[in-house]
Amino acid sequence: MYLLKRLITLISTLFGVSIFIFLLVHLIPGDPAHYILGEFPTPEAIKQLNAKLGLDQPLLVQYLHYITELFHGNLGASLITGQSVWSLIADRFPITLQLAVYSTVVATIIGVLAGVIASVKPNSWMDRSIVLASLVGLSAPTFWVALLFIFVFSYKLSLFPISGYNGFQSLVLPSIVLGLAEAATIARVARTSMLDVLQQEYMRTAVAKGVHGYARIFQHALKNAMIPVVTLLGLQFGSLLAGAVVAEVIFSLKGIGNLMIDAISKRDIPIIQGLVFFVALMFALTNLLVDFIYRIFDPRINYE
């Protein structure tokens, strides 16, 4: 029953997203025909192309055509190249998915460990150092950190490629850059959650029964403190699946974010609509998965 309710919610959400993005895309200034035909197209040529592409139809007619194709699993084709949106996504999404996974792993390891260390001895020099470091991580612009890492690790030390995609090594730097930015938020949430759990009555009972050291922190406290962290990780992973635009542009990675920027600059309506719909679908499925992961950390959760 719970899964059915979530699926209904997912479908209604995607329907709302389709309406929103359709209207939003048509508010973007410019005419795709101008880009396709070149710098000095004649009014007749523009009119003919718009009629051929169906862009001269009323918005309601265009939307009905769009939603009908969407129900049949067709996201359309690029106005510029004629390539199907699904094929473009299939070509670009693997890089974005790898980047999202690696970045989430980096963020989880660094963020959770930092939050746990900070919570064990609150208000100590270690706690204050981690809080300060997380604040710096939140404040530092991603593009600045990315350029700094490229200068040090790619240009000076020649450890990683400067740009482009050539396997796992090309994703190390962008994954660390994105992971550090996400880890700053995770560390603060993990610290707060751990401090709250460590003050609970059942933790005092565990200590009274002789549970100390690593067993107290990692076997008892951390598992109960992970619920808000998992929620945050789900949101961060979903946003990374949308395309880490800054990282993809700076590191010249041909992912979803880079494709979106290119489509917007060319006002390629089918690609924009298809990408936003696909990203919304991935985000909704990620949140659904997170709901089921909750039970790993707290079996008392009941979805009925």
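The numbers here are math on the coordinates, done by the rules we state, and not lab data. Just so we're clear, the structure is a prediction, and the values are computed from it rather than from any experiment. Cβ sites come from the backbone with ideal geometry, for glycine too, and all protein chains shown count toward neighbours.
Quick look at the numbers
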read-out: Test: GLY82 is surrounded by fewer than 17 Cβ atoms within 10 Å (Cβ to Cβ) and over 23 Å from ALA181 (Cα atoms); value: yes
read-out: Pair list, Cβ < 7 Å and 6+ apart or interchain, from region 130-151 residues that are farther than 14 Å from LEU178 by Cβ to residues that are charged (D, E, K, R) and assigned to a helix (DSSP H, G or I); value: SER134/ARG188
read-out: Test: VAL172 is hydrophobic (A, V, I, L, M, F, W, C) and within 18 Å of PHE237 (Cα to Cα); value: yes
read-out: Every residue from region 243-267 that is in a loop (DSSP other than H, G, I, E, B) and either touching a Ser or Thr at 6+ places or on another chain (Cβ under 9 Å) or closer than 13 Å to PHE93 by Cα (or both); value: GLY243, ALA244, PHE251, SER252, LEU253, LYS254, GLY255
